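Remarks on the structure that follows.
Nothing in this text is a laboratory measurement; each read-out follows from the coordinates by a stated rule. Owing to the predicted nature of the structure, the values given are computational and were not obtained by experimental measurement. Glycine also receives a Cβ, built like all others from the backbone with ideal geometry; neighbour counts cover every protein chain displayed.
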There are 2 protein chains.
Amino acid sequence: MSKNQEDFVTQIAKQNEDFSQWYTDVIRKADLVDYAPIKGFMVIKPYGYAIWENMQREMDKRFRATGHKNAYFPLFIPESLLQKEAEHVEGFAPEVAWVTAGGNEQLTERIAVRPTSEAIVCSMYSKWIRSYRDLPVLYNQWCNVVRWEKSTRPFLRTSEFLWQEGHTAHATEEEAEQETLKILGIYKDFAENILAIPVLTGVKSQKEKFAGAVRTYSMEALMLDGKALQAGTSHNLGQHFAKVFDIQYLDRDGQLKNVWSTSWGVSTRLIGGVIMVHGDDRGLVLPPKIAPSQVVIIPVAQHKEGVLDKTKEIFDNLSKLYRVELDDRDTYSPGWKFNEWELKGVPIRLEVGPRDIQSNQVVAVRRDTGEKMAIPMGELEKRIAVLLEDIHSNIYKKALAHREMNTHAAANMEELISIMGRKMGFVKAMWCQDTACEAEIKEKTGATTRCIPFEQDNADGRCVVCGKKADTAAYFAKAY
Amino acid sequence: MSKNQEDFVTQIAKQNEDFSQWYTDVIRKADLVDYAPIKGFMVIKPYGYAIWENMQREMDKRFRATGHKNAYFPLFIPESLLQKEAEHVEGFAPEVAWVTAGGNEQLTERIAVRPTSEAIVCSMYSKWIRSYRDLPVLYNQWCNVVRWEKSTRPFLRTSEFLWQEGHTAHATEEEAEQETLKILGIYKDFAENILAIPVLTGVKSQKEKFAGAVRTYSMEALMLDGKALQAGTSHNLGQHFAKVFDIQYLDRDGQLKNVWSTSWGVSTRLIGGVIMVHGDDRGLVLPPKIAPSQVVIIPVAQHKEGVLDKTKEIFDNLSKLYRVELDDRDTYSPGWKFNEWELKGVPIRLEVGPRDIQSNQVVAVRRDTGEKMAIPMGELEKRIAVLLEDIHSNIYKKALAHREMNTHAAANMEELISIMGRKMGFVKAMWCQDTACEAEIKEKTGATTRCIPFEQDNADGRCVVCGKKADTAAYFAKAY
């Protein structure tokens, strides 16, 4: 490998030397995003946007299969609507971008650019829902939201981001709870089987729950630097919003009742998660199911007779089954291209040169392991399918092993402090669920309560902070 | 038909008595949209949004096939960026919603909620484009935009709408012009072959062109009330934006040159066009290629043994090939359902009752003609395909005939005034291209210049207004 070729990759900081710089280098050099003129805003470039479109397609399929329908609610919410639910406005008001003029007119009431859409959706549901026959209402929207953030990082926390937000209304408390959990299940399935990211799921603490929710469920993933990422949340809103927005239905028994509602969302933040769970010192490692290109074909000695024709033929065949890129640019050497596509995280690289053509084979290289193998031309279509599956399962296992190696139990505060100081990762510890103890953990270690897992196996423990009786273990971690 | 069943449809105003009320009745009763809390904003309900998603899929396919890539640019544009191109800001400033506060902070510079994205896109292109090797840049985005409108109607003119906006940069003037025309061709193909809407295409007058463009191409459709709808525009921006945003590239000859750029868009306004071109007194008539449901199956006497099983079986089979709805609600009569699905414009209704099952057939009813026919069960899959094609072609022809019947030539101002007063529609007339003459037509008839068609057949005419020599005919119409 020439000096020039190496440079391309060595311009990326080493993961274990400066993870934060590594992240910034990778997203810029892989051409995922750029910084917008207004601080805290990003431009999602085509390669990054294609990842999001693949995520959208997979999620949308799952939402539809469970009876949800897409709709579109307005970007603008009158301040008075946002203020109806007290906790909700308290949580979001500090982050709202306010519109105060339309054209040359000063507005009489300030308008919020949606930070989330509960208020506007609920104001419409109160018009639409009349009878038990109208329930459940299961709507989702794909849109942009704005939250005025002080400290931002592309994908992870930006003042505008893209997401889906589901908003549902139900006749009973039980149905709303089932919906909340069903969506959490969809998110977990999506994270693990599409993004190859293992996630912990559970309930958020009262302090960490969504502003206005009764209960927030969350999925939490561990990044390679040992910090956690909240990767998706599903909120049981109880009747909080139904009451303040007056969403009532006439039940079978002739009584007017408030509905029970939920909301849930995942965002372009997941792209950041994919990068920080799977990437390495050579750049992105993309999960095959969302990679914009699953296979890149690189002609070797492409000026030689037959090489370009052959690669075009392979490209045409594989394109029927996979997302394929043929890189036949004559301005770059094969070595340069190898590095560039590694940086961009394409799962499989195929090298096709005159000698390969003569032996009726291609050389395949896996992005995740670097393993090289010769594949007979006739087996290519089938072998790619197997390889993509194997890459998915391998990177999932790697991520799971990393999380397991970085999940520790702490029996007391000293252990918790020591683990957080040395190794980061998740710490599982008994907790009395007192907010003061939670605050003390945060103050002494920087870690926050990530979630309280569903399975609990110690009904007779002691709180890691105060030592009082505790029947609940929780996961703590420093988080993005 | 019972009184009750008739009511459902008779609550819609008659098209030829009050077209505007008919439109409002149809969009509300077909459950396409609702009005949002802020005047001029709409909520797109699932049935309306599904039409948009089908439009998006078809258009996106065409953009990709011609080498365009999707990206996402920020919602917010600093006022200083918007002001760089003089004509552009003059055109859009009166419609901008201004953000002046983020959280609790007053902003030092006002921020525009994008009314269109030329300014933000060009500011990024000036960073990204360096060399002739970077060209052409062919990006598109699907997003929301905000234009503070005084007088609004759902889909046709709303303060927020959804659209796609393409933004491209090219090395030469010729390439930019080719791109602008290529997109106009895609739009026309989409309108005619997907939406079944015949369109006139041509150049906009200087007065009607996009703020900042050198030349705007447009497609114009005729609604059933005789008013025109601008259904899509493609702008050749020349070097206007490249110069003020400093988008330069190093050409093969070693010279720094400004790029040539284009932009183009269609929006949810097209849904309004579909309604007003194809609808009738019974409600929507949806073009098969974008109808959320292409076929609705309605069981007749569904309490009788075997009926629901049979309709379910038909549903399962047809669903593999088409978008199908099975309406097995037991709270409504078949007659009610017939009316409801007619109102919602589903192209084909299948009625399946005990006698049909016995004769091994179903009854199919076309939404466009009302024609009823018995179809042997075994032929159903094939016949549906033929019927859908035929419905598309029939409603296209009907719309074309309507347009042709309502397109008139005017040799002088008296004729123009008389036609506009009596029949509406398009008037084709010679025009000297003087803005004063254009203004006089508008003042005297309410009609605006819709487009100057590409084919011109009279190099030796006289302007319909001033009588001076004119070699150009233009289409004039009252417009939405």
Notebook entry, point to check: Just from the alpha-carbon atoms, what are the Rg and Dmax of segment B:407-477 in angstroms?
Noted result: 10.6, 29
Margin query: I'd like the Kirkwood hydrodynamic radius of segment B:140-246, using the inverse of the mean 1/r over distinct C-alpha pairs, in Å.
Written below: 15.3
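State the percent of C-alpha pairs, over all pairs in segment A:283-439, separated by a distance greater than 18 angstrom.
Values: 7888 of 12246 pairs.
Percentage above 18 Å: 64.
From the mean inverse distance of alpha carbon pairs (Kirkwood) and the Cα radius of gyration, derive Rg over Rh for segment B:206-276.
On the way: Rg = 17.0 Å, Rh = 14.3 Å.
We get a ratio of 1.19 for segment B:206-276.
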Item checked: Residue (of B:His303, B:Thr369, B:Ile384) at the positive-pole extreme of segment B:295-387, dipole from beta-carbon charges -> B:Thr369
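Rank the residues B:Arg403, B:Arg215, A:Arg114 as a footprinting-exposure proxy: fewest other Cβ atoms within 10 Å of their Cβ go first. Please list the in-between numbers first.
Numbers: B:Arg403 22, B:Arg215 17, A:Arg114 25.
Going from least to most buried by this count: B:Arg215, B:Arg403, A:Arg114.
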Notebook entry, point to check: So which chymotrypsin sites (Phe, Trp or Tyr not before Pro) in segment A:388-466 are both in a DSSP loop and have at most 15 other Cβ atoms within 10 Å of their Cβ?
Noted result: A:Phe454
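Could you work out the local net charge near B:Glu174, counting Lys and Arg as +1, Asp and Glu as -1, over the other residues with Cβ closer than 15 Å to its Cβ? Before the final figure, lay out the partial values.
Values: positive: B:Lys182, B:Arg215, B:Lys257; negative: B:Glu173, B:Glu175, B:Glu177, B:Glu179, B:Asp251.
Spelling it out: positives minus negatives among the neighbours equals -2.
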Notebook entry, point to check: Counting every Cα pair in segment B:311-365, what percent are over 13 Å apart?
Noted result: 64
Next item on the list: Report the far tail of the P(r) of segment B:160-214, meaning the percent of Cα-Cα pairs longer than 14 Å.
Entry: 68
Next item on the list: Go through segment B:311-323 residue by residue and turn each phi into a ³J(HN,Hα) via Karplus (6.51, -1.76, 1.60, θ = phi - 60°); whole Hz please, and just put x for glycine and proline.
Entry: 5, 5, 5, 4, 4, 4, 5, 5, 4, 5, 10, 9, 8
Check: What net charge is computed for the residues neighbouring B:Ile357, neighbours being all others with C-beta under 14 Å from the C-beta of B:Ile357, Lys and Arg scored +1, Asp and Glu -1?
Finding: -1
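Among A:194-206, A:257-269, how do they line up from the highest to the lowest mean number of other beta-carbon atoms within 10 Å? Display every interim value, and only then the final one.
Values: A:194-206: 22.5, A:257-269: 24.3.
Most protected by this proxy first, the peptides run A:257-269, A:194-206.
What is the local net charge at A:Asp309, summed over the other residues whose Cβ is closer than 14 Å to its Cβ (Lys, Arg +1; Asp, Glu -1)?
Summing Lys/Arg as +1 and Asp/Glu as -1 gives -2.
Suppose only helical runs count, i.e. DSSP H with n ≥ 4. What mean residue ellipticity at 222 nm does that imply for chain A under -39500 (n - 2.57) per run, divided by all residues and rounded to the nearest 500 deg cm²/dmol?
Working: 15 runs with 172 residues, N = 480.
That calculation yields -11000 deg cm²/dmol at 222 nm.
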Check: Counting only residues 5 or more places away or on other chains, whose amide H sits under 5 Å from the amide H of B:Glu160 once H atoms are built in the peptide plane?
Finding: B:Met42, B:Arg147
Check: About the Cα centre of the protein assembly as shown, what is the dipole size in debye to 20, counting +1 per Lys and Arg Cβ and -1 per Asp and Glu Cβ, all else neutral?
Finding: 20
Margin query: How large are Rg and Dmax for segment A:345-415 when calculated on the C-alpha trace, in angstrom?
Written below: 18.9, 66
Note to self: If I take the Cα coordinates of segment A:55-158 and project them onto the principal axes, what are the three extents in Å, biggest first?
What the structure shows: 42, 38, 30
Notebook entry, point to check: Cα convex hull of segment A:295-387: mean projected area in nm², to one decimal?
Noted result: 5.4
Notebook entry, point to check: Which order results if B:Glu342, A:Glu325 are arranged by neighbouring Cβ count within 10 Å, fewest first?
Noted result: A:Glu325, B:Glu342
Item checked: Neighbour-count order for B:Thr445, B:Thr331, A:Thr66, A:Thr168, fewest beta carbons within 10 angstrom listed first -> B:Thr331, A:Thr66, B:Thr445, A:Thr168
Next item on the list: Could you run the Karplus curve 6.51 cos²θ - 1.76 cosθ + 1.60 with θ = phi - 60° over segment A:179-187 and give me ³J(HN,Hα) per residue in whole Hz, x for Gly and Pro?
Entry: 4, 4, 6, 4, 5, 4, x, 5, 4
Notebook entry, point to check: Between B:Leu75, B:Ile271, B:Gln239, whose Cα lies farthest towards the positive end of the dipole of segment B:32-278 when Lys and Arg beta carbons carry +1 and Asp and Glu beta carbons carry -1, centred on the Cα centre?
Noted result: B:Ile271
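Taking each pair of distinct Cα atoms in the protein assembly as shown once, what is the resulting Kirkwood hydrodynamic radius in Å?
Working: mean 1/r = 0.0324 Å⁻¹.
Evaluated on the protein assembly as shown, it is 30.9 Å.
Report the convex hull volume per residue for chain B, counting only C-alpha atoms, in Å³.
On the way: hull volume 84.1 nm³, N = 480.
Given the Cα convex hull of chain B, per-residue volume reads 175 Å³.
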Next item on the list: Could you tell me which of rounded, prolate or oblate describes segment B:32-278, using a ≥ b ≥ c as the square roots of the eigenvalues of the alpha-carbon gyration tensor, with rounded for a/c under 1.5 and, failing that, prolate when a/b is larger than b/c and oblate otherwise?
Entry: oblate
Check: Among all the lysines, which ones have a C-alpha under 19 Å from B:Lys372's C-alpha, if same-chain residues fewer than 8 places away are not counted?
Finding: B:Lys337, B:Lys344, B:Lys382
